[in-house]
Amino acid sequence: MLKFNNVCNFSNERVVIYFLPTDNRSFMGKKILLLSILSMLPLLSFFGCTTDSRGREDGMGLYTLPGEDSPHEGTWLSWPHHHTYGKKYRDEIEPVWVAMTDALTEGERVHIIACDEAERDRIVKLLENAGVDMDKVDFVIVPTDDVWVRDTGPIFGFDKQGRLTIVNFAFDGWGKKAASAHDDAIPVRVAELRNFPLFDASDIVIEGGAIELDGAGTLMACESSVVSPNRNPEMSRDEMEERLRYYLGITNFVWLEGALNEDITDAHIDGMARFLDSHTILAVARDDFGDLYESISMADYDKIVSARNAAGEPYKVVEFSLTKKKMKGLGYKGSYLNFYVGNKVILMPVYNDVNDSVAAELLARLYPGRRVVKIDVTKLYKYGGMLHCVTQQQPQSPR
C-alpha cells in the first residue's frame, strides 16, 4: 500500500514521493537526492512519483467520489459504545443503529465498526434479538471515540483505473472540540483490515458531512466548517479549492458562509442543503432558513438558489421545511435534509412533528423506487446530528 511519505516544493510544482513499505525501503536507498526537477523527473517517475501542479492536463482529479445514490456494496456504521460518554448515551441512541441496520440489509451489506470484541458480541446479540438478517452484516474491530462515521469513517473513491480506494482526510474532532485520536485513525485501520488501497490526503482536515458533491464536478460547502479558524486555519479558500480540485477532480465550487461556533460542526452543509443530482438542490425552505443558526445569513440561501452546476446551468431548488415545533429541551427545530440514500430505502429522520409526513411524501416523490423508512432521531439529535451523519456508503466496484 503506497503512502505519501514526503512532499517537496519546487517553484510552482509539488513533488510527492511514494515510499514502499518498510521492508522494501532498502531497495530505494535511504535518500533520494533531488538535484534538479527537470533532470530528475524520469527518476521520480520510476520510483512512482507524481507531480502536483495547478494545471493537470486531463483536468481530472486523482479520485472520483460517486454520487451517494449510486449503487452501494454496503453501508458503514460506527456503533455506539459506553467508553467515551457512558451507558446512558449509548442506550439512548442505540435503537437508531438497530433500525438502520435492519432497514439497510434489505438491499445491501452493513459493515459495523465495533470498538472491541466484547462490544461486537453484545451488538450481535442485540441484532439477532431484533430479527436482523445477520448474513448481511459483518464487523471490524477498531477503537472509536464517537459515532459520526460520515465525518470519521472511510470515504471511498475510485482511482483512474477504477480501483476502490479509501481517501483519508485528517479528522481533528471538529476543530479540536472533541476527542479524535481513535476516530482519526479509523480510515487507516479499515484499509488495513479490509485490504483497501489508501490515499493519504491528511494534509487537510475534511469531514464528510461538511461537503456535498453533485457527482458532476460541483462541491457545495460552508466556509465555517472547511476553511476557518476552526478548520485548516493557515489555508485560504483558493488553496483549499486547489487541493480538492487535485484530489477529487472538483471543477466548480458553491461556498456558503455558514455559522461559526454555534454547534460542534460549525454548520455542516448536510443539514442545510443537499444535491439530488447534478441539476437539483434540496434546501431548507426560505421561510425556515434563518432558524438554522442565530448568525446564519440569508445571503447563504441566495447563494444556494442562484448556484450553477459545472456546465453553467442553474439548479432547480426543492425546499424542505424544518419541523413546525422546536425540539423539546433543545430550543431549535429539526432538519429533514439529513437523510441517507440506501440501495432500496431512504432512511429519513423524524421528530414526532406534523411536518414528518410532509417531508416523507416529498422524499418518496424525489426517490421513486426506494422505500422511505422513518427513524425517530429525537434522542440522537440532541447530541448533534441525524442519519446522514452516522452513515457512510461504500460504492459498488465497477469490476
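The values are calculated or read from the model by the stated rules, or taken from the named source; none is laboratory data. All values reported here derive from a predicted model rather than from experimental measurement. Every residue, glycine among them, receives a Cβ derived from its backbone with ideal geometry; neighbour counts consider all protein chains shown.
(1) among the hydroxyl-bearing types (S, T, Y); (2) modelled with pLDDT under 95; (3) farther than 21 Å from H81 by Cα: which one isn't true of Y351, the others all being true?
The number of the failed condition is (2).
Can you run down the residue pairs with Cβ atoms below 8 Å, 6 or more apart or on separate chains, where the first is in the range 275-289 and more than 14 Å from L256 (Cβ to Cβ) and the partner is outside any strand (DSSP E or B) and of a type in the set (F, W, Y)?
H279/Y315; T280/Y315; R286/Y301
Inspect the range 301-312 for any residue being at pLDDT below 95, over 22 Å from the mean Cα position of the chain (by Cα), in a loop (DSSP other than H, G, I, E, B) and of a type in the set (S, T, Y) and give the result as yes or no.
Among the residues of the range 301-312, not one is at pLDDT below 95, over 22 Å from the mean Cα position of the chain (by Cα), in a loop (DSSP other than H, G, I, E, B) and of a type in the set (S, T, Y), which makes the answer no.
How many of the residues in the range 114-138 are farther than 23 Å from I346 by Cβ and either buried (at least 18 other Cβ atoms within 10 Å of the Cβ) or touching a Gly at 6+ places or on another chain (Cβ under 6 Å) (or both)?
Final tally of qualifying residues: 4.
Return only the number of the condition from (1) assigned to a loop (DSSP other than H, G, I, E, B); (2) touching a helix residue (DSSP H, G or I) at 6+ places or on another chain (Cβ under 6 Å); (3) buried (at least 20 other Cβ atoms within 10 Å of the Cβ) that K324 does not satisfy.
Exception for K324: condition (3).
Can you tell which of K328, K316 is in contact (Cβ under 8 Å) with a residue 24 or more places away in the chain, under 22 Å from L363 (Cα atoms) and among the basic types (K, R)?
Criteria check complete, one pass: K316.
Out of the range 369-389, which residues are in contact with a His (Cβ under 9 Å, 6 or more places away or on another chain) and either modelled with pLDDT under 95 or among the polar types (S, T, N, Q) (or both)?
Once the filter is applied, which keeps residues that are in contact with a His (Cβ under 9 Å, 6 or more places away or on another chain) and either modelled with pLDDT under 95 or among the polar types (S, T, N, Q) (or both), the range 369-389 yields only G385.
Mind checking which residues of the range 145-192 are surrounded by 22 or more Cβ atoms within 10 Å (Cβ to Cβ), hydrophobic (A, V, I, L, M, F, W, C), free of Cβ contacts under 8 Å to residues at least 40 places away in the same chain and within 15 Å of W76 (Cα to Cα)?
I166
Name the residues in the range 234-260 that are of a type in the set (S, T, N, Q) and either assigned to a helix (DSSP H, G or I) or under 19 Å from P66 (Cβ atoms) (or both), would you? Explain how you work it out, then say what you get.
Within the range 234-260, the first condition is being of a type in the set (S, T, N, Q), and the residues that meet it are 236, 251-252.
Within the range 234-260, T251, N252 meet the criteria.
Counting residues that are in contact with a strand residue (DSSP E or B) (Cβ under 9 Å, 6 or more places away or on another chain) and farther than 24 Å from A185 by Cα, which helices (runs of 4 or more DSSP H) fully inside the range 81-166 reach at least 1?
By residue number, 87-104, 117-129.
Out of Y332, Y340, which single residue is at pLDDT below 95 and in contact with a Leu (Cβ under 9 Å, 6 or more places away or on another chain)? It would help to see each step written out before you state the result.
On the way: Y340 fails: at pLDDT below 95.
Only one candidate passes the filter, namely Y332.
Kindly indicate whether any position in the range 56-74 is part of a strand (DSSP E or B), in contact with a His (Cβ under 7 Å, 6 or more places away or on another chain) and either modelled with pLDDT of 95 or more or surrounded by 14 or more Cβ atoms within 10 Å (Cβ to Cβ) (or both).
Checking the range 56-74: at least one residue is part of a strand (DSSP E or B), in contact with a His (Cβ under 7 Å, 6 or more places away or on another chain) and either modelled with pLDDT of 95 or more or surrounded by 14 or more Cβ atoms within 10 Å (Cβ to Cβ) (or both).
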